[in-house]
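The values are calculated or read from the model by the stated rules, or taken from the named source; none is laboratory data. All figures in this text were calculated on a predicted structure; none of them were measured in a lab. Because the Cβ atoms are built from the backbone with ideal geometry, glycine has one as well, and the counts that use them run over all protein chains shown.
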Amino acid sequence: MRTINLQLRQAQPRSKWLLVRALCATFAFMGVTTMALASDSAHRSPGADTLLKAGTDDADWLLPAKTYSGNRYTALTQIEKTNVATLRMAWRTDIADDGQQEASPIIWTLSKTC
């Protein structure tokens, strides 16, 4: 019995050391992950200046009605009277028609900086 008790006493400091190492590694991983997510989230949404200039940005459609006045106008020239008849369906998806999914699309290019 004494030899078992001695072995257990010697193993305790080692297991505490392993626990401390594991906790340090866990906290370090959490810190690095938090910093990476924080730096990445800055580019996931447009800044205040970008939102204020949303009506003049033809690359993105940031507001439900394009501008704060709701005019839904864009200066893009890819679709015009001469080629509108050649448009074809690019994709389609079936959704429930219960009125819950009616929304305007919001387009934001993630590669832009705020």
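A quick yes/no check of all residues on (1) outside any loop (DSSP other than H, G, I, E, B); (2) free of Cβ contacts under 8 Å to residues at least 24 places away in the same chain:
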{"position": "S45", "(1), (2)": "no, no"}
{"position": "L51", "(1), (2)": "yes, yes"}
{"position": "G55", "(1), (2)": "yes, yes"}
{"position": "A59", "(1), (2)": "no, no"}
{"position": "S69", "(1), (2)": "no, yes"}
{"position": "I79", "(1), (2)": "no, yes"}
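Yes/no matrix, rows are residues, columns are (1) surrounded by 10 or more Cβ atoms within 10 Å (Cβ to Cβ); (2) modelled with pLDDT under 75:
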site: C24; (1), (2): yes, yes
site: T33; (1), (2): yes, yes
site: D40; (1), (2): yes, yes
site: G55; (1), (2): yes, no
site: A75; (1), (2): no, no
site: D97; (1), (2): no, yes
Looking at the range 79-91, can you tell me whether even one residue there is exposed (fewer than 10 other Cβ atoms within 10 Å of the Cβ), under 25 Å from R44 (Cβ atoms) and modelled with pLDDT of 80 or more? yes
Quick check on the range 94-101. Is at least one of its residues outside any strand (DSSP E or B), without any contact (Cβ under 8 Å) to a residue 12 or more places away in the chain and among the aliphatic types (A, V, I, L, M)? yes
